[in-house]
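Worksheet for the structure shown next.
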Amino acid sequence: MLDIDFVRAQFPAFDVDALKDQAFFENAGGSYACQPVIDRLTRYCVERKVQPYAPYAASHAAGAEMDEARARLSALLGVQPAELSFGPSTTQNTYVLAQAFRRFMLPGEAIVVTNQDHEANSGPWRRLAEDGIEIREWRMDPDTGSLCPDALENLLDEKVRLVCFPHCSNVVGEINPVVEITARAHAAGAFVCVDGVSYAPHGLPHVGSLGADIYLFSAYKTYGPHQGIMVIRQALAEALPNQAHHFNGGTLYKRFTPAGPDHAQVAACAGIADYIDALAAHHGTDSGGVHDLMRAHEVALLQPLLDAVKDRNSVRLLGPARAEGRAPTVALALNRPGAEVAAELAAHGIMAGGGDFYAGRALTGLGLDESRGVLRLSFVHYTSQAEVARLIDALDALL
């Protein structure tokens, strides 16, 4: 079992007076930062805030720490260091990729997108219609919110060059079968782009085993600094046109970073690997075991919450009612704006969110009023059983 006391000791936020009486349930918007990330960011800003890769000691240390972040995170993800890039956010990384595909594809070729996605993995691709690219929408079931792989088959033909979908939606929460979907897309000759922003906080995936050509997620939602992390497998990265300065085109991890990276934040991302290594050592396992420990803890805490909300009058639970098939991101459609209920929960010491969460297409696809939004309750492995019980009590009082 996950040692929750050890876990929470790695996050300084739990010892801050202003947060001690608060239960944090908007982790899908950004997680707390772990101590190793904070330590590395502080050290870099104090000791190494110089231009990296120059021939003096401080600069050498700065560059080495940036390289360490790329090497260690790529190892956790099961890819080569050159296949991992950093950028200011996942949204911006996707826009850069879309520009590369705009030059890579021919008018009349097609991209498949979903209406289950966050706008970051939908909007940039849809805009390519302006250049003659056909956009095909893989629609989720309007009742369940699920994406049916069989429905994708009807959209695939020789024109499709790219299939974009989420590992899990930031409002539906259901974990999609990435391996199966990827295999179907590859069989049709298409590349695959997976938005992992809503999944990665619940255990970094082994991207090498998933088979995806592109995998995107956000460091600031995985206990790190505000950076977007992007994996592009080598064959595709070399085929796509360079989006960076011409002199950076020969370096794979620089090809899709038009601006210079945030040196300090890139270096601090190595702290994510420090944290996962610390969990592995403490529990006597490896990074794969850490993933499983995180998921088991979250599933155990999630099911009571799902049971508490799934049958309430005037409440619609989005996504599956069984914890095993979803992330602990629980969106509730209510008979009033979700933001109003989130504000009322704040008075109970519950930090939650309300709105559309850039998933307006998903809400509309489920027949919901996008302007009303939903109440979203999201947690990660550092959430305690007592905090979930407190949330359920607060919901009892308000709903």
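Among the residues that make up segment 291-309, is at least one of them among the β-branched types (Val, Ile, Thr), under 20 Å from Val172 (Cα atoms) and touching a helix residue (DSSP H, G or I) at 6+ places or on another chain (Cβ under 6 Å)? Checking segment 291-309: at least one residue is among the β-branched types (Val, Ile, Thr), under 20 Å from Val172 (Cα atoms) and touching a helix residue (DSSP H, G or I) at 6+ places or on another chain (Cβ under 6 Å). One residue is enough: does segment 293-313 have a residue meeting the conditions of a type in the set (A, V, I, L, M, F, W, C) and more than 28 Å from Ala359 (Cα to Cα)? Checking segment 293-313: at least one residue is of a type in the set (A, V, I, L, M, F, W, C) and more than 28 Å from Ala359 (Cα to Cα). Of the residues making up segment 254-286, those that are under 22 Å from Arg40 (Cα atoms) and open to solvent by 50 Å² or more (accessible area, probe 1.4 Å) number 6.
A quick yes/no check of all residues on (1) of a type in the set (Val, Ile, Thr); (2) within 20 Å of Leu368 (Cβ to Cβ):
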{"site": "His118", "(1), (2)": "no, yes"}
{"site": "Leu128", "(1), (2)": "no, no"}
{"site": "Ile135", "(1), (2)": "yes, no"}
{"site": "Gly145", "(1), (2)": "no, yes"}
{"site": "Leu156", "(1), (2)": "no, no"}
{"site": "Val160", "(1), (2)": "yes, no"}
{"site": "Ser169", "(1), (2)": "no, yes"}
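Set side by side, the residues Arg361, Arg312, Arg326 differ, and just one is closer than 30 Å to Leu279 by Cα and either in the same structural domain as His118 (by the TED database) or out of contact with any helix residue (DSSP H, G or I) (no Cβ under 6 Å at 6 or more places or on another chain) (or both), which is Arg326.
The values are calculated or read from the model by the stated rules, or taken from the named source; none is laboratory data. Since this is a predicted model, take the numbers as computed values, not measurements. Positions of Cβ are backbone-derived with ideal geometry, glycine not excepted, and every protein chain shown enters the neighbour counts. The protein model used for the area step is the full one, side chains on, heavy atoms only, and it has no ligands, DNA or RNA in it. Shrake-Rupley method; radii C 1.70, N 1.55, O 1.52, S 1.80 Å.
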